[in-house]
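Asks: Once you've had a glance at the structure underneath, I'll fire off some questions.
The values are calculated or read from the model by the stated rules, or taken from the named source; none is laboratory data. Keep in mind that what you see is a predicted model, and the values were worked out from it rather than measured. Glycine also receives a Cβ, built like all others from the backbone with ideal geometry; neighbour counts cover every protein chain displayed. Please note that ligands, DNA and RNA were not included when accessible areas were found on the heavy atoms of the full protein model with its side chains. Shrake-Rupley method; radii C 1.70, N 1.55, O 1.52, S 1.80 Å.
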Amino acid sequence: MKLILLGPPGAGKGTQAKMLTEKFSIPQISTGDILRAAVKEGTPMGRKAKAFMDAGGLVPDAVVVGIVRERLQEDDCRSGFILDGFPRTVAQADALQASLQEMDKELDRVVSLAVDAEALVERLTGRRTCRQCGRGYHVKFDPPQQAGICDACGGALFQRDDDQEETIRKRLQVYADQTAPLISYYRQAGVLMELDGMLPIPQVQQEMLSRLQAS
Ligand code: AP5
Ligand code: MG
Ligand code: ZN
């Protein structure tokens, strides 16, 4: 299964990708996670990306296209992958198409999650993530058993630097301007599957699985 999860910041791409990874035993490729790891390690790429991320803007296409091109060559992508947060511009989508063609691969589905802007702000301001295992939570919609502590591994939960309201609003604008055009891009390609991302987490998952398995 070769999938893209498309949707605005806070739509639930990461949340759903983690479930799909377990279900289909294919890797989640999150350009956001890869970039945050590079920032943390202080690599040259991370240092370059940090300013764009902190401002809520996009990292240059050439950087993320390079990351994904390399990642897709790895062995664990042989039977499929879930792209989470990539592509985000038409140029990235064209580059992905070219890379897949080179590898003789084809996308199966682009799952688009639609969520209202105000719900996105509430989701992102309440998001918490485990520093140790990366599991995501929400203080209201998906709280851990003990505040601030990961159910899965006992690690400490943290809030992302770009999850401050002002930066969130900037990210939503960037999404509307640069990423939303990909919905019609993939509709025209005949691979788009539109889902109601306003439903609770388990319902979104159920709906996604049943429609993926039926197609
Ligand atoms: P990235 O990390 O990809 O951030 P994003 O796209 O802004 O998306 P998020 O991770 O914020 O949202 P999500 O959809 O994964 O939501 P989640 O499942 O966590 O990118 C960060 C930055 O890196 C970018 O701004 C950019 O600078 C750079 N970057 C990354 N990729 C790039 C690219 N391709 N090109 C250029 N730059 C790039 O859910 C959010 C919260 O809501 C959680 O708390 C969750 O528990 C809760 N939740 C989830 N689903 C539901 C539900 N159905 N109901 C209620 N709550 C829910
Ligand atoms: Mg995410
Ligand atoms: Zn954890």
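Asks: Size of the dipole of the range 62-215 about the Cα centre, Lys and Arg at +1 and Asp and Glu at -1 on the beta carbon, nothing else charged, in debye to 20? Before the final figure, lay out each step's value.
Replies: Numbers: 18 positive and 24 negative charges, 47 e Å.
Its charge dipole is roughly 220 debye.
Asks: Let me ask you something else. Is the shape of the range 1-135 rounded, prolate or oblate, going by the alpha carbon gyration tensor and its root eigenvalues a ≥ b ≥ c, with a/c under 1.5 for rounded and a/b larger than b/c for prolate?
Replies: Verdict is rounded for the range 1-135.
Asks: Still on this structure, I have one more. For the range 79-215, count all C-alpha to C-alpha pairs, find those more than 28 Å apart, and express that count as a whole percent of the total.
Replies: 29
Asks: Follow-up question, since we're still on this one. In the range 111-177, which chymotrypsin sites (Phe, Trp or Tyr not before Pro) are in a loop and have at most 16 other Cβ atoms within 10 Å, using DSSP for the loop call?
Replies: Qualifying residues, ordered by number: Phe141.
Asks: Loop-only trypsin sites (Lys or Arg not before Pro) in the range 1-98, please: DSSP not H, G, I, E or B, and at most 16 other Cβ atoms within 10 Å.
Replies: On the way: sites: Lys2, Lys13, Lys18, Lys23, Arg36, Lys40, Arg47, Lys48, Lys50, Arg69, Arg71, Arg78, Arg88; in loops: Arg78, Arg88.
Here the sparse-neighbourhood loop sites are Arg78.
Asks: Longest exposed-loop-site-free stretch of the chain, with GluC sites (Glu not before Pro), DSSP loop and at most 16 other Cβ within 10 Å?
Replies: By the stated rule (loop sites, at most 16 other Cβ atoms within 10 Å), 107-215.
Asks: Could you list the trypsin sites (Lys or Arg not before Pro) in the range 118-203 that lie in coil according to DSSP, counting only those with at most 10 other Cβ atoms within 10 Å of their Cβ?
Replies: Lys140
Asks: Per residue, how many Å² of accessible area does the chain show with a 1.4 Å probe? Don't skip to the answer; put the middle values down first.
Replies: Numbers: 11040 Å² over 215 residues.
I get 51 Å² per residue for this part.
Asks: Between Glu207 and Asp61, what is the spin-label point distance in nm, taking each point 7 Å from the Cα along the Cα→C-beta axis?
Replies: Between Glu207 and Asp61, the label points sit 3.2 nm apart.
Asks: Full-extension gain between Arg69 and Gln145, please, as 0.36 nm times their residue separation minus the C-alpha to C-alpha distance.
Replies: Here the answer is 23.5 nm.
Asks: For the chain, which whole percent of the accessible surface, found with a 1.4 angstrom probe, sits on carbon and sulfur atoms?
Replies: Numbers: 5430 of 11040 Å².
For the chain, the apolar C and S fraction of the accessible surface comes to 49 percent.
Asks: Do you know the Lys pair count in the chain for C-alpha distances under 23 Å, with sequence separation 8 or more or different chains?
Replies: 19
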